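K.L.:
The structure that follows is given in the form of structure tokens.
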Amino acid sequence: MKSSNKPKTKLKGIPFLFIIVAIYIILYFINKKKTLESLHHFGKNTLIIAFIFIFVILLTATINYYYPKEKITKILKGKATYKTYLISLLAGIISHGPIFAWYPLLENIKDKGLSNGAIVIFVYGKAIKLSLLPVMIGFFGQLYTIIFMIYIAIAALIQGYIYDKFFEKINKNTSKSIDQSTA
């Protein structure tokens, strides 16, 4: 008897799906009209969200294809400028996965001259999750979602700029203190 080393896939969502289908069947017999209205509303929203998901996936894939991590790293090196800030923001927005997975890359770019403010902007920009935008639009509407995204983007840019200016003063004062103590 051979034992399979394949990991077993757990379909955790399947029982939930069956429960929801069962509830809809029961509700259909209780109130046919409301159940059909609910299913129509669900179908309409699912279609809207599906189109937005497809757009977001295509946009992210296109950006990742034309601007891989190495190219972004090369662009971000050096003194912080408005271009550095905007690219940091866009990179934060389109980046996927948990933030801790990005720490080594950010440290590497920082060692090559990326400003602290640009890192702040990148991390702040990750708060805008492209993959979750369809859900957010579905719950809160387009206007709210757009205003929310703009607010986060502006706040990220402001905080990154302030961080860079703050640390410029600290670094200058620290280097002056070190120079005075060695003299």
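The values are calculated or read from the model by the stated rules, or taken from the named source; none is laboratory data. As the structure is a computational prediction, the values presented were derived from the model and not from experiment. Cβ sites come from the backbone with ideal geometry, for glycine too, and all protein chains shown count toward neighbours.
K.L.:
Taking Ser177 as meeting all but one of (1) at pLDDT below 90; (2) within 25 Å of Ala91 (Cβ to Cβ), write down the number of the exception.
P.N.:
Going through the list (1) at pLDDT below 90; (2) within 25 Å of Ala91 (Cβ to Cβ), Ser177 breaks only (2).
K.L.:
Let me ask another. Checking the conditions here, which among Phe42, Phe55 is at pLDDT below 80 and either acidic (Asp, Glu) or not assigned by TED's automatic domain parsing to the domain that holds Lys169 (or both)?
P.N.:
Of the residues listed, the single one that is at pLDDT below 80 and either acidic (Asp, Glu) or not assigned by TED's automatic domain parsing to the domain that holds Lys169 (or both) is Phe55.
K.L.:
Step by step: first the residues of segment 92-124, then only those that are farther than 15 Å from Ala80 by Cβ and of a type in the set (Gly, Ala, Ser), then the one that is modelled with the lowest pLDDT. Which residue is that?
P.N.:
Gly97
K.L.:
Looking at segment 134-171, which of its residues are touching a helix residue (DSSP H, G or I) at 6+ places or on another chain (Cβ under 6 Å), under 21 Å from Ile87 (Cα atoms) and either basic (Lys, Arg) or at pLDDT below 90 (or both)?
P.N.:
Asp164, Phe167
K.L.:
Find the residue count for segment 87-105, including only residues that are surrounded by 14 or more Cβ atoms within 10 Å (Cβ to Cβ), under 15 Å from the mean Cα position of the chain (by Cα) and in a helix (DSSP H, G or I).
P.N.:
Number satisfying all stated conditions: 9.
K.L.:
Scan segment 110-149 for residues that are aliphatic (A, V, I, L, M), surrounded by fewer than 21 Cβ atoms within 10 Å (Cβ to Cβ) and in a helix (DSSP H, G or I) and jot them down.
P.N.:
Hits for segment 110-149 are Val123, Leu130, Leu132, Leu133, Val135, Met136, Ile137, Leu143, Ile146, Ile147, Met149.
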